[in-house]
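Visitor: Following this message is one structure expressed as structure tokens.
The values are calculated or read from the model by the stated rules, or taken from the named source; none is laboratory data. These figures come from a predicted structure and were not determined experimentally. Backbone-built Cβ (ideal geometry, glycine too); neighbour counts: all protein chains shown. SASA here: full protein model, heavy atoms, side chains in, ligands and nucleic acids out. Shrake-Rupley method; radii C 1.70, N 1.55, O 1.52, S 1.80 Å.
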Amino acid sequence: VQLVESGGGLVQAGGSLRLSCAASGSTVSINAMGWYRQAPGKQRELVAAITSSGRTTDYAYSVKGRFTISRDNAKNTMYLQMNSLKPEDTAVYYCNAGFLASSGKYYSGSWGQGTQVTVSS
């Protein structure tokens, strides 16, 4: 599976951005997808995940209520709508194709190249 992110950029605090992740290759094998982010000097963290059907989603506490993950299977594309952005949301955001277990744990798989999101105060 190949993943390509787009939509990053510079935005002021309180603003919005929508990230996209286009998948190609063996997309029928994808169980779930997720968005991770990595800020300078910090570990990569899972921000949101969504199952192949789109019916189940999960969010990190820090973004719950502000970010929305979705997918359009007809376009093999996943989205992350980010509202009420804060400077602490600044990071490189990565798309991932993996597996979401019934326990709620997400297991990472293939990675995209990442897209930079910078939120100014």
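Visitor: Being aliphatic (A, V, I, L, M) and not in a loop (DSSP other than H, G, I, E, B): is that true of Leu46 here? Before you say what the answer is, go through the steps one by one.
Guide: Details: aliphatic (A, V, I, L, M): yes; not in a loop (DSSP other than H, G, I, E, B): yes.
In short, yes.
Visitor: Answer yes or no: is there a residue in segment 61-73 that is among the aliphatic types (A, V, I, L, M) and within 18 Å of Gln2 (Cα to Cα). Break it down into steps so the answer makes sense when it comes.
Guide: Taking segment 61-73 and keeping what is among the aliphatic types (A, V, I, L, M), we get 63, 69.
Narrowing the set further to residues that are within 18 Å of Gln2 (Cα to Cα) leaves none.
For segment 61-73, residues among the aliphatic types (A, V, I, L, M) and within 18 Å of Gln2 (Cα to Cα): absent.
Visitor: Moving on. Check segment 6-13 and report whether any residue there is open to solvent by 60 Å² or more (accessible area, probe 1.4 Å) and aliphatic (A, V, I, L, M).
Guide: Checking segment 6-13: at least one residue is open to solvent by 60 Å² or more (accessible area, probe 1.4 Å) and aliphatic (A, V, I, L, M).
Visitor: Is it fair to say Val28 is of a type in the set (A, V, I, L, M), over 16 Å from the mean Cα position of the chain (by Cα) and modelled with pLDDT of 95 or more? Working first, answer last.
Guide: Values: of a type in the set (A, V, I, L, M): yes; over 16 Å from the mean Cα position of the chain (by Cα): yes; modelled with pLDDT of 95 or more: no.
For Val28, the condition - of a type in the set (A, V, I, L, M), over 16 Å from the mean Cα position of the chain (by Cα) and modelled with pLDDT of 95 or more - is not met.
Visitor: Would you check which residues across segment 49-91 are part of a loop (DSSP other than H, G, I, E, B) and either among the hydroxyl-bearing types (Ser, Thr, Tyr) or touching a residue at least 40 places away in the same chain (Cβ under 8 Å) (or both) and list them? Step through it out loud before you land on a result.
Guide: As a first pass, look at segment 49-91 and keep what is part of a loop (DSSP other than H, G, I, E, B): 52-56, 60-66, 73-76, 83-86, 90.
Answer for segment 49-91, where residues must be part of a loop (DSSP other than H, G, I, E, B) and either among the hydroxyl-bearing types (Ser, Thr, Tyr) or touching a residue at least 40 places away in the same chain (Cβ under 8 Å) (or both): Ser52, Ser53, Thr56, Tyr61, Ser62, Lys75, Asn76, Asn83, Ser84, Leu85, Lys86, Thr90.
Visitor: Could you please let me know if Gly25 is at positive phi and buried (at least 16 other Cβ atoms within 10 Å of the Cβ)? Before the answer, list the steps.
Guide: Numbers: at positive phi: yes; buried (at least 16 other Cβ atoms within 10 Å of the Cβ): no.
Against the criterion (at positive phi and buried (at least 16 other Cβ atoms within 10 Å of the Cβ)), Gly25 does not qualify.
Visitor: Quick one: which residue in Lys75, Lys105, Lys86 is open to solvent by 20 Å² or more (accessible area, probe 1.4 Å), closer than 12 Å to Cys21 by Cβ and over 14 Å from the mean Cα position of the chain (by Cα)?
Guide: Just one listed residue meets the conditions, Lys75.
Visitor: Could you identify the single residue in Ala60, Ala91 that is among the hydrophobic types (A, V, I, L, M, F, W, C), touching a Pro at 6+ places or on another chain (Cβ under 9 Å) and under 23 Å from Ser121 (Cβ atoms)? Give the derivation first.
Guide: Numbers: Ala60 fails: touching a Pro at 6+ places or on another chain (Cβ under 9 Å).
Going through Ala60, Ala91 in turn, just one is among the hydrophobic types (A, V, I, L, M, F, W, C), touching a Pro at 6+ places or on another chain (Cβ under 9 Å) and under 23 Å from Ser121 (Cβ atoms): Ala91.
Visitor: State whether the residues of segment 63-70 include one that is touching a strand residue (DSSP E or B) at 6+ places or on another chain (Cβ under 8 Å), buried (at least 18 other Cβ atoms within 10 Å of the Cβ), basic (Lys, Arg) and modelled with pLDDT of 95 or more.
Guide: As a first pass, look at segment 63-70 and keep what is touching a strand residue (DSSP E or B) at 6+ places or on another chain (Cβ under 8 Å): 63, 66-70.
Next cut, buried (at least 18 other Cβ atoms within 10 Å of the Cβ) only: 63, 67, 69.
Narrowing the set further to residues that are basic (Lys, Arg) leaves none.
Checked against the condition, which is being touching a strand residue (DSSP E or B) at 6+ places or on another chain (Cβ under 8 Å), buried (at least 18 other Cβ atoms within 10 Å of the Cβ), basic (Lys, Arg) and modelled with pLDDT of 95 or more, segment 63-70 yields no hits at all.
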